[in-house]
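The values are calculated or read from the model by the stated rules, or taken from the named source; none is laboratory data. These numbers come from a predicted model, not from an experiment. All Cβ positions, even for glycine, are placed from backbone atoms using ideal geometry, and neighbour counts span all protein chains on display.
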Amino acid sequence: MKRLALPLLFVLGSLAPVGARAQAADAPRVLPIHDSVWLEELTWLEVRDLMAQGKRTVIIPTGGVEQNGPYLVTGKHNIVLSVSMEAVARKLGNALIAPIVPFVPEGDFYPKEPTGWMQYPGVVSVTQQTFRALLTDIARSMKTHGFDSVVLLGDSGGNQTGLEAVAETLSKEWAGTGTTIAFIPEYYDNNRVSAWLEQQGIHEVRDDEIHDHLQYTYTMMLVDPQSVRAHVRRGAGLLRTNGVDLKSIRESQEIGRRLVDFQSDYTVDAIRRRLGGHVSTGIQ
């Protein structure tokens, strides 16, 4: 009997995924669907039912963990994405968001000499090969679950090449399968944002030595003032960025709110243009 138990276990184990998949379509959901567009904040039953209701686009955002000047936390890009992607998904109306990918190329590491942001403590980097492999597997996961459209975008300059390459490769791989993938470079358009800030009467003189730009500071203050050390800086008379006095935290948060609205509008337009009929025009 002991000799039979192990093979039998393997047989049952091999059948389990098939049975689970069959049951997934019919399993009842007894609770209301939680109001979220983030996959990680939803149960699998909620994701299943939201997809059945028409949320067939999924966004895969990439951020980073890097040096961001003396006041901004290393997770700057991830914090910005937490609010900007929420706005984009809700304006699209039929989109959900995969977990933000925080591990991106930031520079060389051991056994080489550190380069780029890897010269600063606390930074996490991966190779381009690892980054592209990770994105590819996440995108394939989304395709497996039945999403019609997969959107790739990144909040950091070092992410753009890898995102574009993965979208190009998978577009060829998925041709004729009914699933579309698109890279949206328009999201990461700092010149457009700088022009918008100028229109608001905010004249920033960028100091690239400290890697701290107003567009990020305003948006991060909207999410969490502590992420830019706002209260401590105000008490020390340091609540300034690139020659601009941030004034009150509340005023800065309002600018951040309008900035997110502006950036999400043109990102949504870019996604709709790229995916065409795959994306609904309703706003929820």
Members of region 213-234 that are at pLDDT below 95 and small (Gly, Ala, Ser): none
Of the residues in region 96-125, those that are closer than 16 Å to GLY162 by Cα and of a type in the set (Val, Ile, Thr) come to ILE100, VAL101, VAL104
Quickly run through region 239-257 and pick out the residues that are in a loop (DSSP other than H, G, I, E, B), on the phi < 0 side of the Ramachandran plot and surrounded by 14 or more Cβ atoms within 10 Å (Cβ to Cβ). LEU239, LEU246
Mind listing just one residue for me: the one in region 178-194 that is hydroxyl-bearing (Ser, Thr, Tyr) and part of a loop (DSSP other than H, G, I, E, B) and, of those, nearest to ALA87 (Cα to Cα)? TYR188
How many residues does region 1-53 contain that are of a type outside the set (A, V, I, L, M, F, W, C), at pLDDT 95 or above and part of a helix (DSSP H, G or I)? 5
What number of residues within region 24-39 satisfy the criterion of being surrounded by fewer than 11 Cβ atoms within 10 Å (Cβ to Cβ) and farther than 17 Å from GLY146 by Cβ? 5
Take the residues in region 170-199 that are β-branched (Val, Ile, Thr) and within 20 Å of ALA98 (Cα to Cα); name whichever of them is surrounded by the most Cβ atoms within 10 Å (Cβ to Cβ). ILE181
Do we find a residue being out of contact with any strand residue (DSSP E or B) (no Cβ under 9 Å at 6 or more places or on another chain) and more than 23 Å from THR180 (Cα to Cα) anywhere in region 87-107? yes
